[in-house]
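J.: Quick one: structure below, then a few questions.
The values are calculated or read from the model by the stated rules, or taken from the named source; none is laboratory data. Keep in mind that what you see is a predicted model, and the values were worked out from it rather than measured. Cβ atoms come from the backbone with ideal geometry, glycine included; neighbour counts cover every protein chain shown.
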């Protein structure tokens, strides 16, 4: 029997060192606590494809299969939403909601592995749709636009930009890029974030509901805007 609780639960020990208590409680039968993966299954969790694990979790209620999926995808999912929102609290909320939705899907027996649709795409789509429904309007209201598209395209390959950005180390560049992402319109921020996460054009088109040519255009202008925003942020810090 599946657990029914999908809320934060106080007074329970941690589910494991890796899965938050509220998610683990929802993923396990209520009568079995704390959740423990069987010894026979633990060795299997380092290999195997996502769809197999998801179906095992759905059909058998196997917590170890869910845990394997969580460990594989939690960081990438959080980074994706963090790039969209630029806000840790929102990224945590949306990520948790996506995992709990996934548990709901398994409880209803609604997940079906489909050819060409990866589990990661399915999970990211759950998170993306929740963010759009609950947070997009708020975060679009506070973003800023700086230059027109034509100006950005014209300046996208400025050699001075290359030298300026090249002076940053990896950690500095990551920080500046995070700030620069906040300046993009949502549609462009979303596409460049999906592209950075490794999704192909066809998948990005399906996830965003935009034609492939539109996705390519958004990516092109997003990269131009990022270059401009990085240049501005770096110069501001060097002058301060």
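J.: Please determine whether any residue of the stretch 26-38 is over 22 Å from the mean Cα position of the chain (by Cα), at pLDDT 60 or above and more than 30 Å from residue 177 (Cβ to Cβ).
T.: yes
J.: Only helices (runs of 4 or more DSSP H) wholly contained in the stretch 148-215 count here; list those with 1 or more residues that are modelled with pLDDT of 65 or more.
T.: So the answer is 170-181, 186-196, 201-208.
J.: Next question. Quickly run through the stretch 71-80 and pick out the residues that are crowded, with 22+ Cβ neighbours inside 10 Å and at pLDDT below 95.
T.: Residue satisfying the conditions is 80 alone.
J.: Kindly evaluate residue 68 against the criterion of being within 23 Å of residue 188 (Cα to Cα) and either surrounded by 20 or more Cβ atoms within 10 Å (Cβ to Cβ) or in contact (Cβ under 8 Å) with a residue 60 or more places away in the chain (or both).
T.: No; evaluated as a whole, the condition is false for this residue.
J.: Counting only residues that are out of contact with any helix residue (DSSP H, G or I) (no Cβ under 7 Å at 6 or more places or on another chain) and outside any helix (DSSP H, G or I), which one in the stretch 67-110 is nearest to residue 19 (Cα to Cα)?
T.: Only one residue tops the list, namely 87.
J.: Is it fair to say residue 86 is touching a residue at least 24 places away in the same chain (Cβ under 8 Å) and either surrounded by fewer than 16 Cβ atoms within 10 Å (Cβ to Cβ) or within 12 Å of residue 27 (Cβ to Cβ) (or both)?
T.: It is false that residue 86 is touching a residue at least 24 places away in the same chain (Cβ under 8 Å) and either surrounded by fewer than 16 Cβ atoms within 10 Å (Cβ to Cβ) or within 12 Å of residue 27 (Cβ to Cβ) (or both).
J.: Could you please let me know if residue 122 is outside any helix (DSSP H, G or I) and crowded, with 17+ Cβ neighbours inside 10 Å?
T.: no
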